[in-house]
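The values are calculated or read from the model by the stated rules, or taken from the named source; none is laboratory data. Keep in mind it's a predicted model, so treat the numbers as computed, not measured. Here the Cβ is made from the backbone with ideal geometry for all residues, glycine too, and neighbour counts use every protein chain on show.
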Amino acid sequence: MVSSYRKIEVIPLKVHRICEGEDVIEVLIKAIKRKRLKLNDGDVIAVADKVLAFYEGRIVNYQNIHISEEALMLAKKYNLEPGFVQLVLNESEKVFGGVERAILTLTKGVLMANAGVDHKNAPRGKAALWPKNPEVLASKIRVELERRFGKKLAVIIVDSKVNPLRRGTVGIAIGFSGLAPVLDCRGKKDLFGNSLKITFMNVVDDLATMAHLLMGETTESIPFVLIRNAPINLTEEDLSDEVKISEEDCLILNSLKEYYCSNNCCRKI
């Protein structure tokens, strides 16, 4: 981890509304040049997952797909469109339950509302899906940016998520390339000389949240954010698995399993 903390800059890159089939990487490059920015080694480029759905053709009409009995049941229970729920099921590894308009799922090893399938910033009757392989796409963007600008960069793909018992969304990096995602603080000392036992810093999601604050959730049209002077370690190694943990090691999920099973109601978890 970089030890000298310089002033971190977070620079929004506003663009036109992206259309299906547009080359999002070229749109990003033009946005950087239009702002007359010269990229530096260590710059982080955050990209909203929604524009990449347009780029990859992952905008789906959910009104014209086959709907299962499970999707019909969940749609009625959680007040969602049956076709939308079918997309959620298609993108999910596991479904835990839900609330009004949202289903809690496990997708690509991440707990997410609606498996990342989103009505927001998609045409009516359609939904935006996550990239098929977020890490591969993040790497593709990074390699092209490095080729064009001649600097060593990092790229993160940003979506929004909710935290337990907290209102509102924060950022999450669903894919990244070019940086170490976590800082292992175990064995380090705190201000009082205590040795840390279990603490990691999730660097990549911290960066995603910084970008998400500017990207917003409505009509901002800021799908790209440049983060400069962030205290990161650059690497070309694929470290995507380092940021994920198993269900058994997850404090929240494993604790809920134990709680529900001890009360004889472990149908969903």
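Here are the numbers:
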{"item": "The range 12-27 residues that are in a helix (DSSP H, G or I), paired with ones that are surrounded by 11 or more Cβ atoms within 10 Å (Cβ to Cβ) and among the acidic types (Asp, Glu) (beta carbon under 6 Å, 6 or more apart)", "result": "ILE25/GLU144"}
{"item": "Qualifying residue in the range 35-42 (condition: under 23 Å from SER160 (Cα atoms), of a type in the set (A, V, I, L, M, F, W, C), buried (at least 17 other Cβ atoms within 10 Å of the Cβ) and in contact (Cβ under 8 Å) with a residue 24 or more places away in the chain)", "result": "no"}
{"item": "Among the candidates GLY178, GLY187, residue that is within 30 Å of LYS140 (Cα to Cα) and in contact with a Lys or Arg (Cβ under 9 Å, 6 or more places away or on another chain)", "result": "GLY178"}
{"item": "Wholly enclosed helices (runs of 4 or more DSSP H) of the range 45-154 bearing at least 1 residues surrounded by fewer than 21 Cβ atoms within 10 Å (Cβ to Cβ), without any contact (Cβ under 8 Å) to a residue 24 or more places away in the chain and assigned by TED's automatic domain parsing to the domain that holds GLY175", "result": "69-78, 82-91, 134-149"}
{"item": "Any hit, the range 65-84, residues being among the charged types (D, E, K, R) and closer than 25 Å to ALA173 by Cβ", "result": "no"}
{"item": "Among the candidates VAL204, VAL225, residue that is among the β-branched types (Val, Ile, Thr) and in contact with a Phe, Trp or Tyr (Cβ under 6 Å, 6 or more places away or on another chain)", "result": "VAL204"}
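Residue by residue, here is whether (1) hydroxyl-bearing (Ser, Thr, Tyr); (2) crowded, with 16+ Cβ neighbours inside 10 Å; (3) under 30 Å from ARG6 (Cβ atoms); (4) more than 19 Å from the chain's Cα centre (by Cα) holds:
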{"site": "LYS188", "(1), (2), (3), (4)": "no, no, yes, yes"}
{"site": "ASN194", "(1), (2), (3), (4)": "no, no, yes, yes"}
{"site": "VAL203", "(1), (2), (3), (4)": "no, yes, yes, no"}
{"site": "MET215", "(1), (2), (3), (4)": "no, yes, yes, no"}
{"site": "GLU242", "(1), (2), (3), (4)": "no, no, yes, no"}
{"site": "ASN263", "(1), (2), (3), (4)": "no, no, no, yes"}
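Residue-wise test of (1) of a type in the set (Gly, Ala, Ser); (2) outside the structural domain of ALA113 (by TED's automatic domain parsing); (3) more than 30 Å from LEU37 (Cβ to Cβ).
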{"residue": "SER177", "(1), (2), (3)": "yes, no, no"}
{"residue": "GLY193", "(1), (2), (3)": "yes, no, yes"}
{"residue": "ALA208", "(1), (2), (3)": "yes, no, no"}
{"residue": "HIS212", "(1), (2), (3)": "no, no, no"}
{"residue": "LEU226", "(1), (2), (3)": "no, no, no"}
{"residue": "GLU237", "(1), (2), (3)": "no, no, no"}
{"residue": "SER240", "(1), (2), (3)": "yes, no, no"}
